[in-house]
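Encoded as structure tokens, the structure appears first; notes follow it.
The values are calculated or read from the model by the stated rules, or taken from the named source; none is laboratory data. Bear in mind the structure is a predicted one, so any value in this text is a computation, not a measurement. With ideal geometry, Cβ positions are generated from the backbone for all residues, glycine too; neighbour counts draw on all protein chains shown.
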Amino acid sequence: MSDHIIGGSVINPLAPLDVQTGVDSLVALLPSEFHVGEVGGSTEIAIDYYVRPANVTQYAAGDQVANGVPDVLEFAVSRIDGGTGVIIHASCTDTANQATKPDLRLYLFDTLPTIAADNAPWTPSDADMVNIVGYVEFSAWEIGLATAGADGNCVSLATNLQIPFDCTNGVVYGLLVVRNAYTPVSAEVFSLRLGVLQD
């Protein structure tokens, strides 16, 4: 196929077309709320996890579950800073299979919250509570590897969620709080996944 001359410029019909000038140069579009050629939303799986400290100290109801730092969970849920969407599904995988499973609640925030140390009571401030976008309950567990304790594992699924978010920097933050008396295993890992429909 031959080139064509338009307005004094040689045009290769197979080259990407500049939507502004019509010449054969490639224009990179910046991320925005305008989805070029898109006819629906997109789906994302946002993941974070905690490796809890190497101890077996029992949790009381209302205690924070965290790593040894402690860090706030961060889920990259939106396409861009200031993006919006809906969390529709969540899972929590536990690398242990204790006889009494943890009753966990994952609080989600659109602004960085204050975190307590692992196994310390969670005492959120008024400012933290204002920034909650929702929470997810992990209380019903499906056993995977049935070996008891640290050699087993299990997973809890939360479906049919409808948690909208509008996050300044593209991230929803999470804090994990235990709602029962739970005896953990050393260095137990809680892996959390959020299924998201992005606007």
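Conditions (1) within 20 Å of VAL189 (Cα to Cα); (2) in contact with a Gly (Cβ under 9 Å, 6 or more places away or on another chain); (3) assigned by TED's automatic domain parsing to the domain that holds ALA181; (4) without any contact (Cβ under 8 Å) to a residue 12 or more places away in the chain, marked per residue:
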site: VAL56; (1), (2), (3), (4): yes, no, yes, no
site: ALA61; (1), (2), (3), (4): yes, no, yes, no
site: ASN97; (1), (2), (3), (4): yes, yes, yes, no
site: ALA117; (1), (2), (3), (4): yes, yes, yes, no
site: ALA140; (1), (2), (3), (4): yes, no, yes, no
site: ILE143; (1), (2), (3), (4): yes, yes, yes, no
site: ASN160; (1), (2), (3), (4): no, no, yes, no
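Could you please give the count of residues in region 43-86 that are assigned to a loop (DSSP other than H, G, I, E, B) and among the β-branched types (Val, Ile, Thr)?
Within region 43-86, the subset assigned to a loop (DSSP other than H, G, I, E, B) is 52-58, 60-62, 66-72, 77-83.
Filter once more, so that each one left must be among the β-branched types (Val, Ile, Thr): 56-57, 69, 72, 77, 80.
Summing the residues that are assigned to a loop (DSSP other than H, G, I, E, B) and among the β-branched types (Val, Ile, Thr) in region 43-86 gives 6.
Is there a residue being in contact with a Cys (Cβ under 8 Å, 6 or more places away or on another chain) and surrounded by fewer than 19 Cβ atoms within 10 Å (Cβ to Cβ) anywhere in region 171-191?
Yes.
ASP81 passes all but one of (1) surrounded by fewer than 18 Cβ atoms within 10 Å (Cβ to Cβ); (2) modelled with pLDDT of 95 or more; which number fails?
ASP81 satisfies every listed condition except (2).
Quick one: VAL69 ticks every box in (1) modelled with pLDDT of 95 or more; (2) within 26 Å of GLU142 (Cα to Cα) bar one, so which box is it?
If we test VAL69 against (1) modelled with pLDDT of 95 or more; (2) within 26 Å of GLU142 (Cα to Cα), just (2) comes out false.
Within region 172-183, identify whether any single residue is of a type outside the set (Ser, Thr, Tyr) and closer than 20 Å to THR84 by Cβ, and answer yes or no. Explain how you work it out, then say what you get.
First, the residues of region 172-183 that are of a type outside the set (Ser, Thr, Tyr): 172, 174-181.
Next, only the ones that are closer than 20 Å to THR84 by Cβ stay: 172, 174.
Yes, the conditions are met somewhere in region 172-183.
With the requirement that a residue be among the aliphatic types (A, V, I, L, M) and within 20 Å of ASP81 (Cα to Cα), what does region 107-129 give you? Give the derivation first.
So in region 107-129, the residues among the aliphatic types (A, V, I, L, M) come out as 108, 112, 115-117, 120, 127, 129.
Of everything in region 107-129, those that are among the aliphatic types (A, V, I, L, M) and within 20 Å of ASP81 (Cα to Cα) turn out to be LEU108, LEU112.
If we scan region 168-189, do we find a residue that is without any contact (Cβ under 8 Å) to a residue 60 or more places away in the chain and either aromatic (Phe, Trp, Tyr) or touching a Gly at 6+ places or on another chain (Cβ under 6 Å) (or both)?
If we filter region 168-189 for residues that are without any contact (Cβ under 8 Å) to a residue 60 or more places away in the chain, which is where we start, we get none.
Scanning region 168-189, I find no residue that is without any contact (Cβ under 8 Å) to a residue 60 or more places away in the chain and either aromatic (Phe, Trp, Tyr) or touching a Gly at 6+ places or on another chain (Cβ under 6 Å) (or both), so the answer is no.
Can you name the number of the only condition in (1) assigned to a loop (DSSP other than H, G, I, E, B); (2) under 15 Å from the mean Cα position of the chain (by Cα) that PRO184 fails?
In the conditions (1) assigned to a loop (DSSP other than H, G, I, E, B); (2) under 15 Å from the mean Cα position of the chain (by Cα), PRO184 misses (2) alone.
Scan region 101-155 for residues that are surrounded by fewer than 18 Cβ atoms within 10 Å (Cβ to Cβ), of a type in the set (Asp, Glu) and outside any loop (DSSP other than H, G, I, E, B) and jot them down.
Matches in region 101-155: ASP126, GLU137, GLU142.
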